[in-house]
Amino acid sequence: MKCTCSCSLPWTAVAIATTGGVIALASWYKSADPVIKADAPTGEVNPVSLSVPAPAANEVVFKVEGLACEGCASDVTGELKSMPGVTDARVVFAEGRAYVTLASTEPASVDALIEKVGSNPSHKASVEAKGTGVK
C-alpha cells in the first residue's frame with residue numbers, strides 16, 4: 001500500500017479488534033510507533049497527544065493534516081527547513097504537528113510557512129500555538 005501523497009514509502013495500518021471493540025489502531029513505517037490509540041470498549045479514536053506544548057519565544061507549532069507516513073513528515077520537514085528565516089523545523093508524524101523555530105532577525109512569515117506546507121495538495125497546516133516573539 002502507498003500513502004495518499006503518492007510517495008514511494010510503504011506503510012501498513014492495523015486495527016486490533018476484540019469483542020469489546022477496537023483497542024488499537026497503529027501505522028508503521030520502519031518502526032512500530034503507535035499513531036492513534038482507541039478507548040476500549042467504545043472504540044472512540046483519540047490522538048496520541050492532545051495538548052499543545054508551550055512553544056519557545058521564537059517557535060510556531062502547526063497542526064499538519066494529511067500526513068500519511070514518516071516519509072511525508074520528512075518531506076514537510078525538509079520543505080520548512082528550506083525556507084529563509086527558519087532556523088530549525090521538525091515534523092512529528094505521530095502528533096501530526098510541525099515545530100518551526102524562526103530566526104530572531106528576519107523570521108519567516110507564518111502565512112508563507114502555511115502556504116509552503118500546502119504546496120502539496122495532500123497537506124494542510126494551521127497554527128496551533130505561537131511563541132511570544134512571533135507575529
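Here are the numbers for this structure:
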{"item": "Extension reserve of the Thr132-Ala54 stretch, reckoned as 0.36 nm per residue once the Cα distance is removed", "result": "27.1 nm"}
{"item": "Spatial separation of Cα centroids for segment 61-85 and segment 104-126, in angstrom", "result": "9"}
{"item": "Amide hydrogen neighbours beyond the local backbone of Val86, cut-off 5 Å, H modeled", "result": "Ala103, Ala108"}
{"item": "Most to least packed among 115-125, 66-76 [average Cβ atoms within 10 Å]", "result": "66-76, 115-125"}
{"item": "Two-site label geometry, Ser109 and Thr87: point separation in nm, points 7 Å out along Cα→Cβ", "result": "2.2"}
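FYI, it's all coordinate maths here, none of it is from the lab. Being a predicted model, the structure only gives us computed values, none of them experimental. In this analysis, Cβ positions are derived from the backbone assuming ideal geometry, glycine residues included, and neighbour counts consider all displayed protein chains.
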